[in-house]
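Reading through the structure tokens given below for one structure.
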Amino acid sequence: MLLRRVTLHIKQQNWFAVLVDFLIVVLGVFIGVQVANWNDTAKQHQLYQDAFNRVKLEIATNIEAVKRVQAYYRSRLPQVQLALETLRTCGQNGESIESVEDTFQLVQNYSQVILTARDTELLLGNNNFLPFQNSELRTRLSKLADYTYFFHQELAMKTNQIKDVRFLSRLQAGPVLGSPDDNLQAIKSGSVGSAELIRKHRFGVPFEQACKDKLILEKYYGWEEAVYFHFVVGQFTVEHLTAELAYLEGLPRS
């Protein structure tokens, strides 16, 4: 229709009408491009908001991960410290050798903090999201990612200290307690997962000797120190992440 009209105007040498037709075409193309750009911008903005919300969820998940591990060790610390005091005093605190042996499963077990900044890095790495972020926000998100991975590594290092089971070489293993299925069922029923569910260990020497064994003492002191590290460093992590989450929650929608 438009082409026929333009052709007619040219035949009639109606140059003003040709100009109008040309402007109509140009304007139509311009509007079409702008609408496409607006739609693309709106789409990218929605994708950015989704990514931004995932970052906030990631931070909240990291906070809960630290708190869970802190609660895990907090519930086990008193019993292990009592056993450590019994070892340190060689039983002069009135506790029995059995009370120490009952903690073998606790010091073999661990809970690890898993912190991640994957969603934060994905947001920072998407150049399509640059128009929706200012330099302050990008700097804080970048530091947040670095901070998260640093403390993940620090807490993982201390978890490896807890995993050390060399002290078992100083103990005497008893008869097997059950099948792998029995082991699995015991853990599902709430038992602490450790080698103690396979074979119960006892001191292989009189307690007067065991309480002076360097490897056994290192295990208990190392477990205690690593747990305190999880409390202190974990709390700094929680407070920092909580502050960053509050900052992000307080930002106006871009």
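Taken together, the values in this text are just the output of simple stated rules run on the coordinates, not laboratory data. Everything numeric in this text was worked out from a predicted model, so none of it was measured. In this analysis, Cβ positions are derived from the backbone assuming ideal geometry, glycine residues included, and neighbour counts consider all displayed protein chains.
Between S99, G222, H240, the Cα set farthest toward the positive side of the dipole of region 17-249 (charges on each charged residue's Cβ, about the Cα centre) is that of S99. Note that region 230-245 has calculated 3J(HN,Hα) couplings of 4, 5, 6, 5, x, 5, 4, 4, 4, 5, 5, 5, 5, 5, 5, 5 Hz, one per residue in order, obtained from phi through the Karplus relation 6.51 cos²θ - 1.76 cosθ + 1.60 (θ = phi - 60°); glycine and proline are x.
The share of Cα pairs per 5 Å bin across region 17-249, counted from zero up to the longest distance, runs 1, 6, 11, 12, 11, 10, 9, 7, 7, 6, 5, 4, 3, 2, 2, 2, 1, 1, 1, 1, 0, 0, 0 percent.
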